[in-house]
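Colleague: So that we are looking at the same thing, I have put the structure below in structure tokens.
The values are calculated or read from the model by the stated rules, or taken from the named source; none is laboratory data. Remember, it's a predicted structure, so these values are computed and weren't measured experimentally. Reconstructed Cβ throughout: ideal geometry from the backbone, glycine too, with neighbour counts over all protein chains shown. Note: accessible area is taken over every heavy atom of the protein model, side chains too, but ligands, DNA and RNA are not part of it. Shrake-Rupley method; radii C 1.70, N 1.55, O 1.52, S 1.80 Å.
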Amino acid sequence: MLVLAASLPDLDGMGLLWSVDAYQEAHHVWGHNLAAALLLSILLSLVSDHRRLCFPLCIALFHLHLLMDFHGSGQGWGIAYWWPLSGQYCYTDHAWSLGGWQNYAALGILAAWTWLILRLKNRTLFEHMAPPVDRAFLKVFGTPQGQEL
């Protein structure tokens, strides 16, 4: 649920399948706002076994995505946070380029964190969505059962 909360805001980028114009009009609008955060977090919490914990974590991860996009998408990319109530975009003068070191640092930190979870907890992103993929990852990269690092 948490991976979905952090990833699904970018579904609004699917306008690229139609045209660059559709992408530029929709991206950072439909999925990058408070209404989408609330709706998605409620829906994910309803199907979670841990509803009370799931909701605040989904909200937090959704907003982490927005924060990273707000600062890390480059100059001129705003977020329509109050959409559909307002079409006003929020911008920052402190945005760094999409290819900036900050994005690579965030990627490295999150990749290392994911690797640690795999090695220390024998857990992957695929355990619920694709159990055969999960087992294959653990077979190659995981810690053998009963054995600690």
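Colleague: Identify, among ALA37, LEU11, LEU138, the residue whose Cα sits farthest towards the positive end of the charge dipole of region 1-141, taking +1 on the Cβ of Lys and Arg and -1 on the Cβ of Asp and Glu, with the dipole about the Cα centre.
Modeller: Checking the options against the dipole of region 1-141, the answer is LEU138.
Colleague: Leaving out ligands and nucleic acids, note down the accessible area per residue over the chain with a 1.4 angstrom probe, in whole Å².
Modeller: Ligands and nucleic acids excluded, the figure is 69 Å² per residue.
Colleague: With +1 on each Lys and Arg Cβ and -1 on each Asp and Glu Cβ, how big is the dipole of the chain about its Cα centre, in debye rounded to the nearest 20?
Modeller: Dipole of the chain, to the nearest 20 debye: 620 debye.
Colleague: Also: Could you please state how large a percent of the accessible area of the chain is carbon and sulfur, counting protein chains only and using a 1.4 Å probe?
Modeller: Answer for the chain: carbon and sulfur cover 68 percent of the accessible area.
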